[in-house]
Every structure is written in structure tokens, then in C-alpha cells.
Amino acid sequence: MKVQLLLLGLLALTGAHKSAKHVGQPKQFAPSIENLDMNTILNEELPAINVHVVAHTHDDVGWLKTVDQYYMGSRQNIQDAGVQYIIDGVVEALMQDPAKRFVYVEIAFFTRWYREQSQQTQNNVKQLVAEGRLEFINGGWCMNDEATTHYSAVIDQMTLGHQFLFEEFGVRPTVGWHVDPFGHSASQASLFAQMGFDAFFFGRIDFQEHDFRNRTSELEFVWRGSENFGSETEIWTHVLYTDYCYFHGFNWENGDEPIQDDDRLYDVNVKDRANQFASMVRQRAASNKHNNVLVPFGCDFQFEKAPINFKNMDKLMNYINGHPEYKLNMIYSTPSVYIKYINSNDITWNVKTSDFFPYADGPHAFWTGYFTSRANLKGYEKSVNSLSHAVDKLTSTFVLSGNDLTTTLDTLEPLDDGYGIAQHHDAVAGTEKQHVAFDYAKRLAVGETAGEMIISQILDAVLNNRTDLDVSGENKFGFCRLLNESTCTHTEQFNSPLAVVIYNSLTYRSSSYVTLPVTSTNVAVTDASGKKVESEIQRNQDDSNKYDLTFLVTVPALGHTTYFLSKGGVRGTPGDSRDDTMETDYYRLTFSSSTGKLVSILNKKENLQLDIAQEYMWYNSSKGDKQDGQASGAYIFRPDGLYSVNDGKIDTSITKGKLRSEARQVWNPWLSQVIRIFDGDSNIQIETTVTPINITDNLGKEVIVRYTTGMKTDSMWYSDSQGLEFIPRTINQRPFWPSFPFNITEPEAFNYVPMNEAAYLRDGNNRLSFITDRSRGCASQSDGQFEMMLQRRILNDDGRGVGEPLNETITLRTQHLISYQSNDIGSLNQRVIGATQSNRLVLAYQSVDGSVETWSKGKILSKSGLLKDLPQNIQLTNLKTLSDGRVILRFHHIFSFDEHPDYSKPVALDLSTVFADIKLNSITEVILTATDETASVKRMQWKSDKTDPKYQYVPLKGTRLLLRPMEIRTFIVTVSRK
Ligand SMILES: *[C@@H]1O[C@H](CO)[C@@H](O)[C@H](O)[C@H]1NC(C)=O
Ligand SMILES: *[C@@H]1O[C@H](CO)[C@@H](O)[C@H](O)[C@H]1NC(C)=O
Ligand SMILES: *[C@@H]1O[C@H](CO)[C@@H](O)[C@H](O)[C@H]1NC(C)=O
């Protein structure tokens, strides 16, 4: 996403903002020709410079148009962009001239194009790739967002792209190219290093930090994205001088003055143009530590007219290279060629730790709104992330072969494609147009349907002890996608017994409460062994004709079990209580008798008492009527006042059950919440429902939940980096910035950072943890306080290109969990429950013909896919079958080295004794995206000012794996059924 100048022109016409200049215009304009100081350009003292022209196109996998509209070049009235023509033209131009190079990034587009080509064209492309003339950089399905994506989704979408490139061309990309995402995460840097990348190029960092780095020649450095791996996953990093687009004035395909070098004709301009170009190169060279300059040549959806661009660049190059007084050596280059030049210099680089969040491109323009924008899409993406893992694991433990393998993997293509596309930095980020958001959701839904069909087929085979899939006819099992809104036809309308088969994709036994909507109180639950399971019926919050049936399920590791719902006698429901407290064996919650709000939490197990104030509030979205003109919008959070949703008395009703107690609170006509605690459960569940935010007062609203405690937190809080390491944050500080004076012009927005899985406050030995069901923004604005943004509805556009106010009219229901525990217990709780968010239980329903006993005969009602449970600090991140039957096996140690006295320890695992039904015939350790063997990959070495011997990689010994904290280890295995 990069706003074109045309749009800026429009903004300027509508009298909009000064700050919009940060959008698309390079911050530096080419000096006008009269002002050029030729002495500066041709100064004999100046060093010779290698000018690396990097021809590229930035193709958003959906933004203003849908991915397929962009591919086809339809809806040109929205944006002039057609990716198929770009690739057509570029391939043709490259074929004509071996000196030209081009880089391509987004494999979701490239595969769409490639599969349509003739054998001849495919062969041409293979030749271009083999010769390095067409180079894939980054090479994921999309250029993923870094704030709102989970690390597992990043790995999945990168693996999808890299697998294609490796299979088809035998290549593996070696540089990360995230020129557009809106801030950069430490985890992304570390993951890129683990993918074997030699360098990471990106564009958007905070403007104050950028200014500082430019002035101190620190736009290039070594980034240490992980404290666990130290120098092992450091990655050399290049921050673009301005943006990733053409030098101003050198965008020929869009009508900038061509290079006129034929002196038989009028208007020869080549010398002036060359001077202009050279002066910009010299300006950039001034902030580098070496004699190379990278010149981005391309922009959003550019190079549709490749010949126009290349022809003019050729003339410019010929002229400059033919005039040694410039001392510029211009070449068609790529980022990987550029770094070879840099790496040959003997330079010691400074090391940067932590991340680049949040990003601001002006004093009032903090891109912290998108951490939360389109909360529903974020939630949906998260549930498909989870479902996708379950589908992959089920298909792989079943060991597909022959026809089942081909058909199943073909069927799952829309799931991989839709889920991969959803990671794009204008998809899950929530910064796309409304019609494109619908398209992403539709793709996820199509993928989900495909996934459910496969789950149904495999569960049917597994239950019936068959080794082949029955692909005929309807799904044997039904699914309920709308459980969050208390809708499930299978449980609401069953009249014979109902089988609920539950699949657990975690590698240890999972116990958790399940709540299903039923329409009668005459329901009893039994488990796979026929034993009655304690259950509870309570009235439903959405529909007075429905009840919630709650019971605790226990599902074997990487396996399934079956529960049965049948008639079992009418039961009563617990009535309302007038008390101000509710409790389980774990917690006692107290509500204020005057306001109805939560005021204290007692952890009974550890005897820890916390006074706490919970408030729902809303920031008034700035309309952009302040002097600088910056409005709050899809990207930017710019508040203009903070208001309580209800600062009076909340209507609270408490229901006390044996398994579940809950407090239902209506805060105002559009916001309500249910606070739930479950017997034995160490987390307090907070479920918030935001019906469309009321905007009849003409005010945009950004709704938060805020917890205020007396905890002494030293102004700190901790938030996860895409589900991996926790990053310490400090109110009004940037602890990881190089030291320079900076201004805080937007105090609230300045403190916002993304959370993907969890965050916490810490006071001495105690921890208040927050676990989220989707990514969102969070902040601490004062000591002992923590807030999360839940939903945004905004009436203005923030001038960053999407051109629509974020005016969603959809109801949001979202959950977060809180727990107050001693630090070690809290850390374990947070990691384990966090892991369940990307490995949720899958519930499949089938009505039982006849009696449960008859139906069950010969069926395998319960089974683990493991020989024994793995410890809770290990996660089976992926078990995914590839098209040739090989399987990607990926384990992750989910703890950081200093997080827990026991769970942070390395774990030894013998891979040959993990799975119950799969025999591993061969095991090869590969790098993170499952391409090259780990042992064969030698990353480029960069000298840095810091070394760290703490981490030691231990290679696989036979089948024995030693998994160290935070390690993610990937294997390609060949398997057969035991
Ligand atoms: C980089 O710094 C130089 C001087 O220190 C300044 O002239 C130039 O405008 C700066 N460039 C950017 C992109 O900030
Ligand atoms: C499943 O089938 C196999 C043979 O196909 C048999 O050996 C095994 O006992 C069966 N398992 C169960 C639980 O019925
Ligand atoms: C929205 O709020 C206004 C007051 O600003 C109120 O008059 C109106 O009834 C509310 N609408 C709904 C649907 O709650």
C-alpha cells in the first residue's frame, strides 16, 4: 500500500493535511535543476559509488481491490493495477536483455500467473530464475503484516510460498523485503534469520528514529530479534532512505519526462536528468557507511509498462556510466546483489534489539489503530489459523496416500490460499476497503468449508477404523461456526442422541469447558466410556428460548474423543443471585455494591488479593479538524478525549452455578459483558459484546477495556511479539531506541503496541496476565494500569490511502482471559493457554441412529495420536503433508530461557517414539520454511559490536532432538502407517 501521487493531489485539493505528505511523496524532492550544485555532484573528493537499481513491483495481495481484481486488472476505476500484465511484460523484457534484473515478491500472485502459462513460457521463467535475472525475494504467499499476525501464521504463509519456489525452481529466497508493513516485529526478524535470510529490507520506522538513524549513518545495522538466540538469529537490516518507490521524477511509465539523449531531436535533457539523478544518489550515499546506494525502481503495481521504464533507465545508465566524472557505476541489481557488495566491506555494525513498534510517520500519526481495526476479521483469521493446524495434523496422522492424498490436498488448496492471503499487511491488518474485507472473509469461509469436509471424512474413517476416506456424498459430521453467538443447529435440534466428536491438536491431554446451546433443559452428557459427565444448564444470554449446556471435556493428545448428548431428565437452572461476589475453588470476584463493577480478585489457591477497577471506555476519534489535520482512521489512532462507557451504576446480574458462575453486565445499549469463572479454572473469562457502536452523536469511537490496579509496575508492561518472546514496554519511553531527544506529541497513541497472544503486568512476584482471542492493540498509560483496544468505528479517513472511514456495522463478540497469580504459575498459565488459541478444540457433530450403545459398536470413540503426552512447553506447530506425501514436522519450545524455572529448560525428545500410528522412515532437518537442509545453509556473516555465546544449536542425533527455549525446529519426514 502506497498512495499514489494522484490521490495526494486530491487530498491537497480538498484542503487536507500537511501530514499527508508523509503518505506517498518521498520526503525529499529532487532539487530543481537550477538549484543543482554541480560542484557537489562532480566534486573530485567524492568517492565512486555503485548505484544498485532494483527494478521491482509492490503488489498488495488485496487492499483497495480484491486479490483477484488486482491480478486480473479489473475494477480499474478503483485503482489502475493488473498483476498479470506486469508479470507478462517483465518476463518478456527480461528475456530480451540479459543485463536486466527484476525482483518479485508475492507468490500468491505469481502462482496465479505461472499456472496459466505455456510450457515454453514456464521454461523461459525457469531460465531467468536460474540465471538470477528474475529473483524471488521474501517469497511468501504475501508480504505479511508484522503486528497482527501470529508467528505460526507467518511461518505457514512463508512456507507455502517457499515450497512452491523450491519445488518449481529449486531456489530459496535469501532476503526479506517488507517495504510496506507498518512497523516491524522482533519475531519477524528472528524468523527471517531462521528462514536462512541474509538480510532484511524495510521502509517504515518511527519518523524521529528515522531522522536520527539517517543523521548518524544507522539506517543499516544488525538486528537481534531474539534474546534467546543472541547472535545466532541476528539479521543485517537496511531501512530504506525514504520509501520504496521511484526516485521522484523518474517514474516514466506514469508520465515523468523521458530521457531525451538524441541530439538530432529537440529538447535534449539527458544531462540535466542525469545531474538530478546523481544529486539524489549523492544525498543518499551521505548516510551510508559504504560506497553503494540502493535505488528502488518501481512502486505499487508498477512495471505494467516494463519497456517504458527499462528503455529510459537504459539511457540514463548509458549516459552516467559513459561520463566518468559522475563517479557513479550504475547497474541493474537486486537486494541480494547489493548486500554482496556491502558484505565485502570490513564494517562493524551496531546491534539493534527489540522491535520497531509502533510506527509513526508524523507527530500526530501513530499507526497504532490498525492493531485493532476490523476486530471481527482478526478474530476470524485467528480461528482459521487454528483450524488449519488441526486439518494438517489430522490428515498427516491419518497418513494419506494414493488417491486420498491427491484429492485431499487439492481440496485444501483454497484453505492454504485464503489463510495465506489473510496474512497480508492490508488483510488481517484491517486496512483494506470494506468490499475487500468481505472478500478476505469469504476466502477464509471457503477454506474453512474445505477444512471441515476433510475433518469430517477423516474422523469418519478414524472412528470406523478404516484406512481409506469415504469421499462420497454429504459430510458425515456437522460443524457449528456460530457457537460464539449461541447458534448450533445440531445441538439445538437434536431429537435422538447426538455424538460430539472433539479433536485436540495439542500434544498433551487437553481439558476445557465446552458450552453448547440447547433448547431444552432435558439433556444429559456421557463420555466415550459411557460414564455420565457432570454438566450444567443455565439460561442463555442471547435468546431466552435457549440454554447453555456446560461441561468439562478431556481430549487425548493429538487425538479425539466422543461425548454424547441425550435426554436425561428435566433440570432446573440456577437463578439470579443478589450477592456482590461469585467464586470458584480458584477465584473469588467481588463487585461494587454501588456501581456493580468488578473491584477485586482473590486467588484462593495462592491467597493473593488484588484490588482492581475494570472500566469500558472510548476514545473519541479525532476528525482531523485540529490544525495538523490528522484524523483517526483505519491505520492511525489519534484520540481526542477519553470517555467512560458508563461511569454510573452498571446493571449486573450474577448467576452462580456449580461448574460455571457468571456476571452479566449491560454497560450501555451497545456494550455488554459477561464475566465467567469455571470450577477449577485458573482464568477469568471476559466476554465482551459490542453491537454496532452508536455514532448518532457523530463521534467516532475506539472502545477499550481498562484495568486499574495498585500494582507497582515501574511504568512497565510486557507484550508478546507475535506469540513468541515477551517484550518489555515502558510508559512514555522507547527503551530500545538509540539515545536521542524525542518528543511525545500523542501521549496515548505513543504507548500502544500490538498483542497477539498475551500481555502482563508484574509487581514483584505477582503477575496479572491478559490472554486475547485475537490480535489487538494494548497499552499501559500509568503505573499498574493496562488497557486493550477492542473495537473501532470511525467516521473519517486518515489519509493513508484506503480512502474509506472504518465504519463497520457488524457486532463484535470477543473474549479475553485474565489471571492473577504468582509469577511462575502465571507464566505457565499464560503460555499454555496462549498455545490453545492457535490449537483450539474442533467439535464435530453427528446424530446417533438408535442407541448410543449400538452406534458405538466397533467404533474407536477415543484415541490419542501419540504414544505418550509431550510436556506442555513443547508445541507441535505443524504436521503438514506435502503434495508428494512427505510431511513437514515442526516443533516449538514455547518458553523463553528466563521465563520459568522448570519449563524454560531444554526438552529432550526422541522423534521415533512420539507418534502412535506413524512410522518415521526418514528424518531430515531443514530450515524454517522446509526447503534446504539446515546443515547446508550458511548465512552471510556480518561483523557486529556484540557477540553472545549463550545459545548453542544442537543438531539432531539420529532421532533424538534437544529442543532449547524458543527453538522452532523443522523436519521433512517420510512416513508410513505403523
Ligand atoms: C538525512 O540527513 C541529511 C543531513 O543530515 C538531510 O539533509 C537529509 O534530508 C536527511 N534525509 C532524510 C530522508 O531524512
Ligand atoms: C482396527 O482394524 C484393524 C485391522 O484392520 C484391527 O487389527 C484392529 O484391532 C482394529 N481396531 C479396533 C479398535 O477395532
Ligand atoms: C444512540 O445514541 C443516541 C444518543 O447519542 C440515542 O438518542 C439513540 O437512541 C441511540 N441509538 C441506539 C440504537 O441505541
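Restricting attention to segment 819-848, and to residues there that are outside any strand (DSSP E or B) and touching a Pro at 6+ places or on another chain (Cβ under 9 Å), which single residue is surrounded by the fewest Cβ atoms within 10 Å (Cβ to Cβ)?
Asp824
For Pro173, state whether it is within 30 Å of Ile927 (Cα to Cα), without any contact (Cβ under 8 Å) to a residue 60 or more places away in the chain, assigned to a loop (DSSP other than H, G, I, E, B) and not assigned by TED's automatic domain parsing to the domain that holds Ser896.
Against the criterion (within 30 Å of Ile927 (Cα to Cα), without any contact (Cβ under 8 Å) to a residue 60 or more places away in the chain, assigned to a loop (DSSP other than H, G, I, E, B) and not assigned by TED's automatic domain parsing to the domain that holds Ser896), Pro173 qualifies.
If you go through segment 107-149 one residue at a time, how many are of a type in the set (A, V, I, L, M), buried (at least 24 other Cβ atoms within 10 Å of the Cβ) and in a loop (DSSP other than H, G, I, E, B)?
Going through segment 107-149 one residue at a time, the tally reaches 2.
For Ile727, indicate whether it is at pLDDT 95 or above, surrounded by fewer than 22 Cβ atoms within 10 Å (Cβ to Cβ) and not polar (S, T, N, Q).
No; evaluated as a whole, the condition is false for this residue.
For residues that are more than 20 Å from Gly803 (Cα to Cα) and not in a loop (DSSP other than H, G, I, E, B), tally how many sit in segment 69-106.
Result for segment 69-106: 19.
Could you look through segment 662-698, keep only residues that are under 13 Å from Glu615 (Cα atoms) and open to solvent by 20 Å² or more (accessible area, probe 1.4 Å), and pick out the one that is nearest to the chain's Cα centre (by Cα)?
Step by step, filter segment 662-698, then rank; the result is Ser672.
Looking only at segment 605-654, how many residues end up being modelled with pLDDT of 95 or more, surrounded by fewer than 20 Cβ atoms within 10 Å (Cβ to Cβ) and hydroxyl-bearing (Ser, Thr, Tyr)?
Count: 2.
For segment 220-242, which positions are in a loop (DSSP other than H, G, I, E, B), crowded, with 21+ Cβ neighbours inside 10 Å and not hydroxyl-bearing (Ser, Thr, Tyr)?
Restricting attention to segment 220-242, the residues satisfying the condition of being in a loop (DSSP other than H, G, I, E, B) are 225-229, 234, 240-242.
Next cut, crowded, with 21+ Cβ neighbours inside 10 Å only: 225-229, 234, 241.
The answer is Gly225, Glu227, Asn228, Phe229, Glu234.
Check Ser600 against each of (1) over 30 Å from the mean Cα position of the chain (by Cα); (2) not in a strand (DSSP E or B); (3) not hydrophobic (A, V, I, L, M, F, W, C) and name the one condition it does not meet.
Checking Ser600 against (1) over 30 Å from the mean Cα position of the chain (by Cα); (2) not in a strand (DSSP E or B); (3) not hydrophobic (A, V, I, L, M, F, W, C), the one that fails is (2).
Consider Phe366 carefully, then state whether it is more than 16 Å from ligand 3 (Cβ to nearest atom), free of Cβ contacts under 8 Å to residues at least 12 places away in the same chain and farther than 17 Å from Ser838 by Cα.
Values: more than 16 Å from ligand 3 (Cβ to nearest atom): yes; free of Cβ contacts under 8 Å to residues at least 12 places away in the same chain: no; farther than 17 Å from Ser838 by Cα: yes.
In short, no.
So which of Ile347, Ile331, Ile339 is over 30 Å from Asp884 (Cβ atoms), among the β-branched types (Val, Ile, Thr) and part of a strand (DSSP E or B)?
Just one listed residue meets the conditions, Ile331.
State all residues of segment 209-266 that are among the basic types (Lys, Arg) and within 24 Å of Ser187 (Cα to Cα); if no residue qualifies, say none.
Across segment 209-266, the qualifying residues are Arg213, Arg224.
Does segment 665-675 contain at least one residue that is closer than 17 Å to Asp798 by Cβ and free of Cβ contacts under 8 Å to residues at least 24 places away in the same chain? Give the steps one after another, and end with the answer.
Initially, segment 665-675 is screened for residues closer than 17 Å to Asp798 by Cβ, giving none.
The answer is no; no qualifying residue exists.
Can you work out which of the residues in segment 803-818 that are open to solvent by 10 Å² or more (accessible area, probe 1.4 Å) and among the aliphatic types (A, V, I, L, M) is farthest from the chain's Cα centre (by Cα)?
Here is the first cut: in segment 803-818, the ones open to solvent by 10 Å² or more (accessible area, probe 1.4 Å) are 803-805, 807-811, 813, 815, 817.
Checking which are among the aliphatic types (A, V, I, L, M) leaves us with 810, 817.
Values: Ile810: 22, Leu817: 20 Å.
The selected residue is Ile810.
Taking the condition of being assigned to a loop (DSSP other than H, G, I, E, B) and either within 16 Å of ligand 2 (Cβ to nearest atom) or open to solvent by 10 Å² or more (accessible area, probe 1.4 Å) (or both), how many residues in segment 255-289 meet it? Break it down into steps so the answer makes sense when it comes.
Start the filter on segment 255-289 by keeping residues that are assigned to a loop (DSSP other than H, G, I, E, B), which leaves 255-269, 286-289.
If we keep only those that are either within 16 Å of ligand 2 (Cβ to nearest atom) or open to solvent by 10 Å² or more (accessible area, probe 1.4 Å) (or both) as well, we get 255-258, 260-269, 286, 288-289.
Total satisfying the criteria: 17.
Would you check if Phe750 is closer than 30 Å to Met966 by Cα and either within 16 Å of ligand 3 (Cβ to nearest atom) or modelled with pLDDT of 95 or more (or both)?
Against the criterion (closer than 30 Å to Met966 by Cα and either within 16 Å of ligand 3 (Cβ to nearest atom) or modelled with pLDDT of 95 or more (or both)), Phe750 qualifies.
In segment 540-571, what residues are of a type in the set (Val, Ile, Thr), open to solvent by 20 Å² or more (accessible area, probe 1.4 Å) and within 30 Å of Phe891 (Cβ to Cβ)?
First, the residues of segment 540-571 that are of a type in the set (Val, Ile, Thr): 550, 553-555, 561-562, 570.
Keeping just the survivors that are open to solvent by 20 Å² or more (accessible area, probe 1.4 Å) gives 554, 570.
Across segment 540-571, the qualifying residue is only Thr554.
Select, from Thr929, Thr947, Thr974, Thr924, the only residue that is in a loop (DSSP other than H, G, I, E, B), assigned by TED's automatic domain parsing to the domain that holds His892, touching a residue at least 40 places away in the same chain (Cβ under 8 Å) and more than 27 Å from Asn350 (Cβ to Cβ).
Thr929
With the condition kept exactly as written, say whether any residue in segment 376-384 is more than 21 Å from Ile794 (Cβ to Cβ) and not small (Gly, Ala, Ser).
yes
Condition test on Arg215, is it away from ligand 1 (no atom under 13 Å from the Cβ), more than 18 Å from Trp177 (Cβ to Cβ) and basic (Lys, Arg)?
no
Which is over 23 Å from Ala390 (Cβ atoms), away from ligand 1 (no atom under 16 Å from the Cβ) and among the hydrophobic types (A, V, I, L, M, F, W, C), of Val514, Val523?
It is Val523.
Of all residues being assigned to a loop (DSSP other than H, G, I, E, B) and within 19 Å of the chain's Cα centre (by Cα) in segment 753-784, which is farthest from Val154 (Cα to Cα)? Just the residue, please.
Only one residue tops the list, namely Asp773.
Those residues that are modelled with pLDDT of 95 or more and acidic (Asp, Glu), I need them from segment 548-582; list them, please.
Result: Asp548, single match.
Is one or more of the residues making up segment 927-935 under 26 Å from the mean Cα position of the chain (by Cα), more than 24 Å from Thr237 (Cα to Cα) and either aromatic (Phe, Trp, Tyr) or open to solvent by less than 40 Å² (accessible area, probe 1.4 Å) (or both)?
no
Take Thr595 and decide whether it is modelled with pLDDT of 95 or more and not in a loop (DSSP other than H, G, I, E, B).
Judged against the criteria, Thr595 is not a match.
The values are calculated or read from the model by the stated rules, or taken from the named source; none is laboratory data. Everything numeric here is computed off the predicted structure, so don't read it as measured data. Reconstructed Cβ throughout: ideal geometry from the backbone, glycine too, with neighbour counts over all protein chains shown. The protein model used for the area step is the full one, side chains on, heavy atoms only, and it has no ligands, DNA or RNA in it. Shrake-Rupley method; radii C 1.70, N 1.55, O 1.52, S 1.80 Å.
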